[in-house]
Amino acid sequence: MIYSLCLLLILVGLYGVAVSRNTLKIVIGLLIMEHGVHLLLILIGYRTAGSPPIMDPGTTATDFSGSAVDPLPQALVLTSIVIGLGVLALMAALCVRLYERYGTFDIRAMTRLRG
Amino acid sequence: MNRDPSDQGMGEIVRTVARWLRGFILAYGIYVVLHGHITPGGGFEGGIVIACVFILLTLAGGQDLGLSFFSRRAALSFISVGGLLFLALAWMGMWWAGGAFLQNFIGTSEEARFSLFSAGTIPILNIGLGLKVASSLFLVFTVLAAFRIDAASEKPEEEGSGS
Amino acid sequence: MIEVIAILALFMLVGAIVAVETSHLLFAVISVGAVGFLAAIAFLLLGAPDVAIVQIGVEVITLVILIRATIGRDATSAVGQRKLVGTVTAVTFVAAIGLFGLQGLSDFPAFGMSVMDRIADAPSNTYLQDGLADTGAPNIVTAVLLDFRAYDTLGEATVLFCAVLGTLAILRRKARVAPSPNEHKEDSE
Amino acid sequence: MAFLLPLLARGRPVVSDCLANGTLAGLTIMAFATIGVESLYHMGAWPTPIGIDLRLDPLASLMLIAVNVVGLAAGIYSIDYMRRYTDKHRYYCLFLLLVAGMNGVILAGDLFNLYVLMEIAAVASYALVAFGCERDELEASFKYSVLGTLASSFILIGVALVYGMAGTLNMAHIASRVSESGMGPSLHIAMALFLCGFGLKAALVPFHAWLPDAHPSAPAPVSAMLSGVLIKAIGIYVLARLIYNVFGAGEGVLEVLRWLAVISMVAGGLLATGQTDMKRLFAYSSISQVGYIVLGLGLGTTLGVVGALYHLVNHSVFKSLLFLNAGTVEYATGSRNLEQLGGLNRLIPVTGATSLVASMSIAGIPPFNGFWSKLIIIVACVQGGSYGFAAVAVVMSVVTLAYQLKVQRHAFFAAQPPASVAVHEEPRLMATAMVALAIGCMALSMLVLAGLSSPFLVGPAARTLVAGVFAS
C-alpha cells in the first residue's frame, strides 16, 4: 500500500533525528519527515484519474467537480511547506550561531546543560 | 568591509548569465503572482521565484550586487508592507464593506471571469503575500550568508528597525 | 499511476536513507534535495501543480541555505563512530512505531478514494462545485488558500514573519548591553 | 467582535514599551470582556464547514484571561528587565506574536488552523529562548526547537489522518463524524499522535526533556510566559479540547492520561528537590504541577475537571510569579544559584514577600489558592475510587512544600553570605508586576467562596468540557 511508503519515509526521518550526532543532520532528518507528511497529505487528496483543481474556461462546474482532485490538502501542504521553510531558516540560524560559539556542529561537544 | 574571497561571487561568465537572466526570472515571478487565481501559482510560488532572482544575484555577484538591488532595510519594510496589505484588506472586509473579517468584498462579476482583474480581493492578497514571501526569504538568506563574513568585524549591524 | 508514484516514493526512500546514513554533510544535503525534487515530481503527477512549483522553489532555497551554512565551516563531515547499542535501540524503537502505524492504517480508505467520493457533504465538494462562482478564481487551490481559508494563510504569513524576526534576533551581533560587573556568574567573584 | 482582537497583537511597528504594553493591556480588557459570551465567528462569512470558525465558550474565556493577564504582567516586567539585552523592539515583536499565537490557539475552531497558530507561538518561543545568544540559551533553544518541530510533525500527521477519515477539518464536524462512525484504528493512531505531540508541548514526563533546559535559559519574563501559560495553552488546553470535545473521552485515553500524570508528578517533584539553580528547580516543579492538572483531567468527572482547570489557572499565576521572582533575584545579585544566595528578604523585600505568597500557594498551604485546587483534585480522586492516585498526590504535595521551603530558606531567609555584594533594588515596574500577580494569587483563593464544587468562571468552563463532544 502506497501510504506505508510514506510512513517509511517519515520513520527514516525520525531515525535520522534520533541517531544523528550533528546539528545539521538533525535538521535534515526533520526535513525528510516533513516531505513524508506532505506526500501523505497529497496522496490522501488524490482521486483515481484526477485532474488538477484548476478550471479551464470550457468546463462546467459539475464535470469539473466530478474529476478534479481534492484542493483542500493542497492548500494545507502549501501552508505547511512555507511554515517548514520558516522553521528551517530559524534552525539553520541556530546551527550557525552554535557553530560560532562551539566551533563545531557536533552535539556531543555541546553539553553545558545536563539533567 | 573585509570580505573573504568566496563572497566575491563566481566567475565572470556566471555573473553575466545571471545578469541576463534576472529580468526574465523576475518577469516570470511577477507573472506567477498576478495570475495566481487563474493558472497554477500565486503569492507563495511567485514570491519564492522572485526571492530566487535576488539570491541568484547574490550568489553570482557577491553580497554587494545582491544588496544593491534590494537592501535589507527595503526587504524588512516590504515584509511589513506585504503583511499590512493583507491585514488591511481583511479589516476592510469587516468594517468598510460591513461583512466579516477576511471577507472577499470586491464583487466577482460573471463576465470578468478568467481575466486578470477578477476574483475580488484574491489578486491583491496574492500581491501582498508575494511581497512578503519574497522579501522574507531574501532577508533570511542574506542574513545567514553574511553572518560568517561579518562575524569578525566589529562593524555595527545595519539596523532594520523599520519593522 | 500508483506504480509510478510507488517507484518515486521508493527513490525518495533511498535518497532519505543516504541522507541519514552518509557521513559527508554535503552528500546529505544533496540527497535531501533529491528527495525534495522527487516529491515535486510526485506532486505534479498527483494533480498538484501549485504544490509542485512551491516545492521546487522551496527546495532550491533550502539547499542554498543549507549549503551556505555547511560549506566553509567544519570539515563538512559528521564522523565519529556511532555506538552500536544506540543504533539498535533507535532502529527497534522506530520499527515498533512503524508496525503500530501500519496496524492503524488498516481501516484507512484505499488510495484514489478521495474524501469527495466517500463523504457527500465534505467541504471539498463545495469548493470544487461553487468555488468559481463564489470567489471568481478558477484556480480552486488559490480560492481555498486566499478566500475560504484565508485565516490560515494569514497565520502562515505570520509564522514566516516570526521566523524572520527570530533569525534576525538570533544572528544579531551583540546580544547584551555592555555587561555590568555582576552580569555573569563568573564575574560575580 | 472582541475575540478578533488577538489579531491586533501582530502589531508590527512595535518600537516602544508603551505600544507593546498598551496592546497587552487592551488584550487583557478584551479577554475580560469575553466572560459569559458564547459565540461562533465565521471567518470571511463562509458557513461552518467551508470556512474557518473561531469558537468562544467559557473554557476559552477562562484561558484567554489567564494568558492575557500573565502576558500583561510579564510585559510590564520586561520594561525594566530587558534593558540588559539589545534589540528590545524585536523582543517585543516576538513577545506579542507569542501572545497572539496562544490567543489564536485558544479560539481556534478548526484543526489545521490550530496547527498553524500553534506554530506561531512555537516559533516565537524558539526565538525568545535563544534571545540572549549565549551558549546555554542557544543549546536549549536548539533542543527545544528539534523536539518542538518533531511534535508539530506528529500533530500534522494526526491532522492528515483525521482529514482522510472524516473529510473535514472543523472540530465540531469531526466530532459529529467520529460519534457517528466510532473510533477506528486510524483514529486511534491519530489520537496517539496528538497525545505524543501535545504531550511534548505540555512536557509530560516521557516527553519532558526540553523543558528544564529551555525554561531557565530564556529571559525571566519569557520563562514566566513559557512555564506559566505556553505549556498549558498549546499543550494541556488543546489536549483537553480534543479528548473531551472532539473525540469524546474514552476510558482508555483517560487511563493513559492518568498514568502519564502520575509519572510526571513524581518524576518532576523528585528531580526538583535536587536542583540548586532556582529557575531550573521551578522548571521541574512545573512538570510536577502539570501532572496534577492532567491527573484532574484524566479522572473524567466534573469535580476532577473543575480541580484541573482551577489548578491550571492558579499554576499559571503563581508559577509565572515565581519565575519573575527568580528573574529579580538574578537581576539584583547576578546569580540564581541557591547556595550562593541568602538574606535577600532584607535587600529586596517586595520580591521576598511575593515569592513567599507564591511558594505557599504552590505548596498547598491552606488559605492560598493552590491548596484549594489540589484539595479538589484529591477529593475527586477519592470519589472516583482511585485511592492510590490520591495518596501520590498528597505525598507529592509534601515534596513540593519541601523544595519550596528550600528556596525560601536559602535565598530569602538565611544570613547573607559575603559573596553577593552588589545588590540592586528591584526597579519599580518589576515590583508592580510581581505585586499584581501576588494579588491575583490571593484573589484566586477567594474564588472558592463562590462554591467549592464550581468556582466562579471555572465551573462553566469545566461544564463545557464535561458536556461531551461539540454539537454541530
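What follows draws every value from the coordinates through simple rules; no lab data is involved. The model shown is predicted, which means the values in this text are computed figures rather than measured ones. As a convention, Cβ positions derive from the backbone with ideal geometry for all residues, glycine included, and neighbour counts pool all protein chains shown.
Any chance you could check the Cα centroid distance between segment D:50-100 and segment B:14-57 for me, in angstrom?
37 Å
Relative to the compact-globule scaling 2.2 N^0.38 Å, provide the ratio for the alpha-carbon radius of gyration of chain A.
Dividing the Cα radius of gyration by 2.2 N^0.38 Å gives 1.49.
Which entries of A:K25/D:K406; A:K25/D:K319; B:K132/D:K143; B:K132/D:K319; B:K132/D:K279; D:K88/D:K406 have Cα-Cα distances beyond 32 Å here?
In this structure, A:K25/D:K406; A:K25/D:K319; B:K132/D:K319; B:K132/D:K279; D:K88/D:K406 lie more than 32 Å apart at Cα.
What residues qualify as long-range amide H neighbours of A:A68, i.e. H under 5 Å apart, gap of 5 or more or another chain, H built at 1.01 Å from N?
Amide H neighbours of A:A68, under 5 Å, 5+ apart: A:S51.
Tell me the net charge near D:V398. Cut-off is 14 Å between Cβ atoms, D:V398 excluded, with +1 for each Lys or Arg and -1 for each Asp or Glu.
Taking every Cβ under 14 Å from that of D:V398, the sum is +2.
Measure nothing fancy, just the Cα-based angle from helix A:2-19's long axis to the longest principal axis of chain A, in degrees from 0 to 90, nearest 10.
For helix A:2-19, the angle is close to 10 degrees.
Take the Cβ-Cβ distance between C:D130 and B:A27 as r, set R0 to 30 Å, and report the resulting FRET efficiency rounded to the nearest 0.05.
0.35
For segment C:117-173, would you read off the P(r) tail past 14 Å as a percentage of all alpha carbon pairs?
64 percent
Nearest 0.05, what FRET efficiency do D:A209 and A:D63 give at R0 = 45 Å with Cβ-Cβ as r?
Efficiency computed from Cβ-Cβ geometry: 0.25.
What's the FRET efficiency of D:M446 with D:T273 using the Cβ-Cβ distance as r and R₀ = 30 Å, to the nearest 0.05?
Taking R0 as 30 Å, the efficiency between D:M446 and D:T273 is 0.45.
Return the inverse of the average 1/r over all pairs of distinct C-alpha atoms in segment C:1-77, which is the Kirkwood hydrodynamic radius, in Å to one decimal.
Evaluated on segment C:1-77, it is 13.1 Å.
Take peptide D:96-103, look around each residue's Cβ out to 10 angstrom, count Cβ atoms belonging to other protein chains, and average those counts.
Mean inter-chain Cβ contacts per residue within 10 Å come to 2.
Along segment D:319-335, what does the Karplus equation 6.51 cos²θ - 1.76 cosθ + 1.60 (θ = phi - 60°) give for ³J(HN,Hα), rounded to whole Hz, x for Gly and Pro?
Along segment D:319-335, the couplings run 6, 5, 4, 4, 5, 5, 4, 4, x, 5, 4, 5, 4, 7, 10, x, 9 Hz.
By the scheme Lys and Arg +1, Asp and Glu -1, what is the net charge of all other residues having a beta-carbon under 10 Å from that of A:G84?
-2
Placing +1 at every Lys and Arg Cβ and -1 at every Asp and Glu Cβ, with all other atoms neutral, what dipole size does segment D:247-366 have around its Cα centre, in debye to the nearest 20?
Computed about the Cα centre, the dipole is about 240 debye.
Which Rg and Dmax, in Å, describe the Cα atoms of segment D:321-404?
16.0, 49
Relative to the Cα centre, what is the charge dipole magnitude of segment D:218-317, using +1 at the beta carbon of each Lys and Arg, -1 at the beta carbon of each Asp and Glu, and rounding to the nearest 20 debye?
180 debye
Using a cut-off of 12 Å between beta-carbons, work out the net charge of the residues near B:Y28 (Lys and Arg +1, Asp and Glu -1, B:Y28 not included).
Within the 12 Å Cβ shell, the charges total 0.
Residues in segment D:277-304, backbone N under 15 Å from the label point at D:V379 (7 Å along the Cα-to-beta-carbon vector): list them, ranges by number please.
Within reach of a label on D:V379: D:301-304.
When all alpha-carbon pairs of segment D:167-261 are counted, what percent fall beyond 24 Å?
29 percent
Need one value for D:162-174: mean number of C-beta atoms belonging to other chains within 10 Å of its residues' C-beta atoms.
5
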